[in-house]
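The numbers here are math on the coordinates, done by the rules we state, and not lab data. Values in this document were obtained by computation on a predicted structure and should not be read as measured data. Cβ: placed from backbone, ideal geometry, glycine included. Neighbour counts: every protein chain shown.
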Amino acid sequence: MADQAVASPNLIQGLVIPLAFMFLIFYGIVFRPQMNAQKSHTRMLKQLKKNDEVVTTGGLFGPVVHVKPESVTLRITDNVRVEVERSAIARIAKSPAETELATVERRT
């Protein structure tokens, strides 16, 4: 009986400590980077402005023509405009400042 009472704390130390350590490693490798990416994407969506060149999750490229609280209007060609939800924007391809800088660099 006394042996079982002594073995119980060793069992807890032998199981709980490694499991907690594995959870911390998993959190650092998987959860934390995912949360940082989510925050970065949300920040990017809030900072969208007119003339930003964006790429949608569906693969459409185009400049932002109009920004609404829930949606964004993109110009695909001269006479084609598409309204998409903000969450459908995957990334900003180019900002107007980058486009202007590239044009100036090509001229010199």
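Tabulated data for the structure shown
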{"read-out": "Count - residues of the range 51-96 that are under 19 Å from the mean Cα position of the chain (by Cα), of a type in the set (S, T, N, Q) and over 15 Å from His41 (Cα atoms)", "value": "2"}
{"read-out": "Subset of the range 40-56 [among the β-branched types (Val, Ile, Thr) and either within 11 Å of Ile76 (Cβ to Cβ) or touching a Ser or Thr at 6+ places or on another chain (Cβ under 8 Å) (or both)]", "value": "Thr56"}
{"read-out": "Pairs with Cβ under 8 Å, 6+ apart, first in the range 46-68 and within 13 Å of Ala88 (Cβ to Cβ), second part of a strand (DSSP E or B) and basic (Lys, Arg)", "value": "Val54/Arg91; Val55/Arg91; Gly62/Arg75"}
